[in-house]
Amino acid sequence: MLIRVEIGIDAPGIDALLRRTFNGSDEAELVQSLREDGLITLGLVATDDEGQVVGYVAFSPVSVEGEELQWVGLAPLAVDDAWRGQGIGRQLVYDGLDSLNEFGYAAVVALGDPALYGKLGFTPAARYDLHCRWPGAEAAFQIHPLADDALNGVHGRVEYSDHFNRF
Ligand SMILES: CC(C)(COP(=O)(O)OP(=O)(O)OC[C@H]1O[C@@H](n2cnc3c(N)ncnc32)[C@H](O)[C@@H]1OP(=O)(O)O)[C@@H](O)C(=O)NCCC(=O)NCCS
């Protein structure tokens, strides 16, 4: 199993993984449209010995109260059913956070199960008076600062790109 940055030829494998993982086409179409518009800040794949994509994570830009603060949103995260429970999801996220930190990004937000993202070092964003646009998502909206001062004086609404707003 190898974790590396996605390249062009991974697109069909990523697409297939997302369709079977999420039982629908929303996430696959989201990633396609983000990629087409150059909005994947970082995409990492996990591949098996044959080079098949068995895991994927993407990060794309978010703004805070309309400002670009070098923050990104983590979505989607997927590991093939047959490969779960072996730490691949964790490694994808940690490798992503490491690279983003090296590139100088300041914070990563995620929308998902706090039981999962809490284990990956995220904390509820509401604690810092940070919110997303989706009503009722308060507990699910979480943040992982990368820079020490990322959250200093930053409050308000975090916006993903328009591609997310059809959800
Ligand atoms: C969520 C998912 C990516 C986890 O992948 P994985 O490779 O099995 O995860 P890991 O083995 O790295 O697990 C990392 C930690 O998270 C925990 N975890 C994994 N899935 C979890 C879940 N759904 N809820 C809560 N905790 C979870 C694991 O127990 C592990 O914690 P531990 O080390 O304390 O035991 C995978 O189950 C998946 O693709 N699910 C369907 C898609 C999905 O729900 N994506 C997330 C959308 S927000």
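Brief remarks on what is shown
- Restricted to segment 72-102, and to residues there that are within 16 Å of the chain's Cα centre (by Cα) and more than 13 Å from the ligand (Cβ to nearest atom), the residue that is surrounded by the fewest Cβ atoms within 10 Å (Cβ to Cβ) is ASP98.
- Inter-residue pairs, beta-carbon under 6 Å, first surrounded by 15 or more Cβ atoms within 10 Å (Cβ to Cβ) and in segment 6-21, second part of a helix (DSSP H, G or I), 6+ apart: ASP15/ALA28; LEU18/GLU27; LEU18/ALA28; ARG19/ALA28
- Of the criteria (1) surrounded by 22 or more Cβ atoms within 10 Å (Cβ to Cβ); (2) assigned to a strand (DSSP E or B), which one TYR117 fails: (2)
- Of the residues LEU44, LEU30, LEU111, LEU69, the single one that is in contact with a strand residue (DSSP E or B) (Cβ under 9 Å, 6 or more places away or on another chain), at negative phi and within 11 Å of the ligand (Cβ to nearest atom) is LEU111.
- The residues of segment 80-108 that are of a type in the set (Val, Ile, Thr) and either farther than 29 Å from HIS155 by Cα or in contact with a helix residue (DSSP H, G or I) (Cβ under 6 Å, 6 or more places away or on another chain) (or both) amount to a single one, ILE88.
- Among strands (runs of 3 or more DSSP E) entirely within segment 1-68, having at least 3 residues that are of a type in the set (Val, Ile, Thr) and at pLDDT 95 or above singles out 53-64.
The values are calculated or read from the model by the stated rules, or taken from the named source; none is laboratory data. Values in this document were obtained by computation on a predicted structure and should not be read as measured data. Counting neighbours? That spans all protein chains shown, and the Cβs are built from the backbone with ideal geometry, glycine included.
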